[in-house]
Each structure stands twice: as structure tokens, then as C-alpha cells.
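Each value in this text was obtained by applying a stated rule to the coordinates, not by laboratory testing. As the structure is a computational prediction, the values presented were derived from the model and not from experiment. In this analysis, Cβ positions are derived from the backbone assuming ideal geometry, glycine residues included, and neighbour counts consider all displayed protein chains.
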Amino acid sequence: MTVLYQRVAFIGLGLIASSMAHALRRGGLASECVGTARSAETRDIARDIAIVDRVYDTAADAVKGADLVVLCVPVGAMEDVAREIAPHLQPGATVTDVGSVKQAVIDAVAPHMPEGVHFIPGHPLAGTEHSGPRSGFAELFDNRWCILTPSEGCDADALARLEQLWRGMGANVDLMDAPHHDLVLAVTSHTPHLIAYTMVGVADDLRRVTDSEVIKYSAAGFRDFTRIAASDPTMWRDVFLTNKEATLEILGRFTEELFALQRAIRQGDGALLHDYFTRTRAIRRSIIDAGQDTDAPDFGRVRQ
Ligand code: NAP
């Protein structure tokens, strides 16, 4: 156990912050953790279940004396938070974030960071469809990737320490530039979420006609879309508003492929469909081989 930071301050106390706090505790990586959240309700829950050692009523108070500040709010809220904490940051402190989009966060936060404070944006590629302070757990980041998108002149020691922190929380770390991160995530996360939202929206319209058959027979595939489509609406609204270009680019390609498959179905082109599905099956195999999902049937769900 190596203590990497004396005081870690979380701004926002939802799924990601509470998981980080549990993981920091598990790894003995910080002497103390403090935090704050926007609403009194969340702050009270955080105090009740003792996610962190101390909960402050304002972000300005929470960051005082912290050598690591982690912004764990929706992407659209980052700028206001950065503006509020800036005058209270300790010289030499590191500020990082966990936002799902990186260039927009850099544009929102970097201009507010005082001289002598190291801003190193980050994004753990781990999550669930649950939100709030009660939803966190220490294992969330185990064997998942965390992408850091440091600027060119970033302080090497500050970066190395933050990388060590993520590894201590169980994650693997990669460095990337922010635009590339946003494109990669548009393919692997953002567009799939939009497709899931759409599919569930369509089925919801059908449900009125078919009298709940969609729900009853959901195990045939629809159920897995519903898990993704249950993700936090504020977070995902902000993702699409701030990763607009990359998402639109991937959606354009998706639409073209969908039309090609639609034509193959109409023309009875079984060979095209079979080849396509063979290729996609191989992608699933490589995700399992990379340890990013289980090979158990039905994702290892236990039958009730
Ligand atoms: P969450 O569980 O919904 O928690 C969000 C926290 O931010 C709450 O404490 C909330 O306060 C606070 N907040 C919301 N709007 C705010 C505002 N306008 N101003 C100040 N604070 C505000 O969210 P999360 O899943 O931890 O996500 C946090 C960040 O991690 C987001 O940027 C998201 O993109 C990123 N992320 C999420 C996932 C995922 O799968 N969930 C994965 C990787 C990264 P109240 O509770 O008081 O409302």
C-alpha cells in the first residue's frame, strides 16, 4: 500500500466518485478523502454511508488543502465547477476529471486553472446503468481501462502519480490526445448508447400495440438494450451535446451499413448477411480474449 495523495477531494458524489472512494480505500492510496455534491440530499446520503471521511457543503470548501481534486459531475457542469473551485485550489495540486468526453472538458476547465495547478483530464471506461452515491463499488475499475489525455507540457511527475493512482484502483492506463479519445468513444460507447436508446424508444411505441409482449419476451435480445438505455439521462444528454462531431460521423457510417443490411434482407442476399455476422462474431471473440467481458452464456446471468 502506497499513499499517493494526502487529501483527495471529489466534486460530485455519484457512481464514479463513490466507486473511486471505495477503490482508494481498498488500495490505501490516500490519507483522506473528502467530497461535496450539489444537493443536500446527496450530501446527507454520503455522510450516512460514509463514502468519504468528510462531506462539505460547497465545492470551494471541499478543495481547500487537497492535493488531488477529481471532478465527477456531468460534462455540461464542468465549467461552473472549475470556475467555483479555481480560487481555492492549493498550489501544486492536481485536478483531474472523469468525464466521458475529453475535448469539451478541456475547453471548459483548462482556462480556469491557476498557474501551478496541474490539470490532467481522464476517463475511466467503466460504469453501470446506476447512478448516485449508493451505486459505487470498489471493483468497478478492476481490469478496465482509464484513458488520460494530458496536454503537451504536462508535468511528468504529476502525470506519473495519477497513472499510479488509477493502477492502484485496479485499472489499466492509456494516454491519448483528446480528439482521438472522443472518436474512439464515439465508436465504442456513445453511438451504441444512442442506438440502444432508439431501439428501446421504438419498442416502447410498439408496446402500446402489443400489450406488454415486448417486456414479456425481452430476453430475446431487447433486454440487453434496455440496460444501456436505462443510463443516466443528464450524463448522456451532455455526452451527445459535447461529442457532437465524432458521434455524427459514426452515426453516418452506421446508417450506411444499416441501409446495406436492409437491402440485403430485401434482396434475399443470405451470403452478405452471413459474412457480416461472421465478422461481428469475431469482434465479440476478441473482446472476450482481451478480458473485457465474460464468455459465459447470457453474460453469466444467474437464472432466477
Ligand atoms: P452520477 O452518479 O449521476 O453523479 C453525478 C454527480 O454530479 C452527483 O453528485 C450530482 O449531484 C452531481 N451533479 C449533477 N449535475 C450537477 C451540476 N449541474 N452541478 C454540480 N453537480 C452536479 O454520475 P456518474 O455516473 O458518477 O458520472 C459522473 C461523470 O463520470 C460524468 O461526467 C460521466 O460522463 C462520467 N462517467 C460516467 C460513467 C458511467 O457509466 N456512469 C462512466 C465513465 C465516466 P446531486 O446528486 O446532488 O444531483
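Couple of notes before you dig in:
- Footprinting exposure proxy for Val55, Val63, Val302 (fewest neighbouring C-beta atoms within 10 Å first): Val302, Val55, Val63
- Extension gain, Arg38 to Asp53, is 3.6 nm, computed as 0.36 nm per intervening residue step minus the present C-alpha separation.
- The alpha carbon gyration tensor of the range 1-93 gives principal lengths a ≥ b ≥ c with a/c of 1.5 or higher and a/b no greater than b/c, which makes the shape oblate.
- 222 nm mean residue ellipticity, helices alone, for the chain (DSSP H n ≥ 4; -39,500 (n - 2.57); rounded to 500): -15000 deg cm²/dmol
- Pairwise FRET efficiency - Ser286 versus Val202, Cβ, R0 = 30 Å, nearest 0.05: 0.55
- Potential extension, Glu152-Val302 segment - 0.36 nm per residue separation minus Cα distance: 49.3 nm
- Mean Cβ neighbour count within 10 Å, used as a protection proxy, ranking 124-130, 77-83, 247-253, 17-23 highest first: 17-23, 77-83, 124-130, 247-253
- Tensor-based shape of the range 180-268 (alpha-carbon gyration tensor, a/c under 1.5 rounded, otherwise prolate or oblate): oblate
- Note on Lys64 and Glu79: their simple-model spin labels are 2.8 nm apart, each label 7 Å out from Cα toward Cβ.
- Rel. contact order, % - alpha carbon contacts under 8 angstrom, at least six apart, the chain: 16
- Distance from the C-alpha centroid of the range 1-62 to that of the range 211-235: 32 Å, rounded to the whole angstrom.
- If R0 is taken as 30 Å, the Cβ-Cβ distance between Ser135 and His274 corresponds to a FRET efficiency of 0.15.
- Each of Thr2, Thr42 has some number of other Cβ atoms within 10 Å of its Cβ, and from fewest to most they run Thr2, Thr42.
- Segment Gln262-Asp177, extension gain: residue separation times 0.36 nm, minus the distance between their alpha carbons: 27.0 nm
- Neighbourhood charge, 14 Å Cβ-Cβ cut-off, centred on Val187 and excluding it, Lys, Arg +1 and Asp, Glu -1: -3
- Arranged from fewest to most other beta-carbon atoms within 10 Å of their beta carbon, Thr226, Thr58 become Thr58, Thr226.
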